[in-house]
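The values are calculated or read from the model by the stated rules, or taken from the named source; none is laboratory data. Given the structure is predicted, the values throughout are model-derived calculations rather than measurements. Positions of Cβ are backbone-derived with ideal geometry, glycine not excepted, and every protein chain shown enters the neighbour counts.
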Amino acid sequence: MSSIETQDRAPGSLAAAISNLIVRLFAEYTGRGPNKARTTIRDNVVLCVTQNTMTKGERRLVEEGEAKAVVSIRRKFQTTMRDDLVAGIETLTSRKVLSFMSDHDADHDYAAEVFVLDGPPRGMPPSDDGEDDAPRAA
């Protein structure tokens, strides 16, 4: 089993738990989980970027110019996993998932799972890094 990379957090942290959930679910659904996963949480957004998720067969298809077919198949898996992913995130964050988005870049073997929650995860203070998320109307 490959090691899992998480954003500089303690092993029992929320980000690590989310990374582990996503890796486990990908392994259950596709037969192979990513060997790298990094979860970032900012306010009500959870982003998990995974790397090296493709099977040997999928990598071969990409080498043969079939990246679009691999992405299409991956999107089907991500759609099929949706309920389990959302339920897991809701359990771990104690928040409702308002929106879930997922995509895969077969050429570089990265995937992104994005969850928009109904508020920051319970027990986490809101981010205050001085950056605005969007320009404000005057």
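A quick yes/no check of all residues on (1) closer than 20 Å to Ala16 by Cα; (2) at pLDDT 95 or above; (3) surrounded by fewer than 18 Cβ atoms within 10 Å (Cβ to Cβ):
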position: Ile41; (1), (2), (3): yes, yes, no
position: Thr50; (1), (2), (3): yes, yes, no
position: Thr53; (1), (2), (3): yes, no, no
position: Gly57; (1), (2), (3): no, no, yes
position: Val70; (1), (2), (3): no, no, no
position: Lys76; (1), (2), (3): no, no, yes
position: Thr79; (1), (2), (3): no, no, yes
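Any residue that is part of a loop (DSSP other than H, G, I, E, B) and basic (Lys, Arg) - is there at least one of those in the range 85-100?
yes
Name the one entry in Arg32, Arg9 that is touching a helix residue (DSSP H, G or I) at 6+ places or on another chain (Cβ under 6 Å), at pLDDT below 95, assigned to a loop (DSSP other than H, G, I, E, B) and not hydroxyl-bearing (Ser, Thr, Tyr).
The conditions single out Arg9.
If you go through the range 50-66 one residue at a time, do you hit one that is under 12 Å from the mean Cα position of the chain (by Cα) and outside any loop (DSSP other than H, G, I, E, B)?
The answer is yes; a qualifying residue exists.
Among all residue pairs at least 6 apart or on different chains, which show Cβ distances below 8 Å where the first residue, located in the range 58-78, is among the aromatic types (Phe, Trp, Tyr) and the second is crowded, with 17+ Cβ neighbours inside 10 Å?
Phe77/Phe26; Phe77/Thr30
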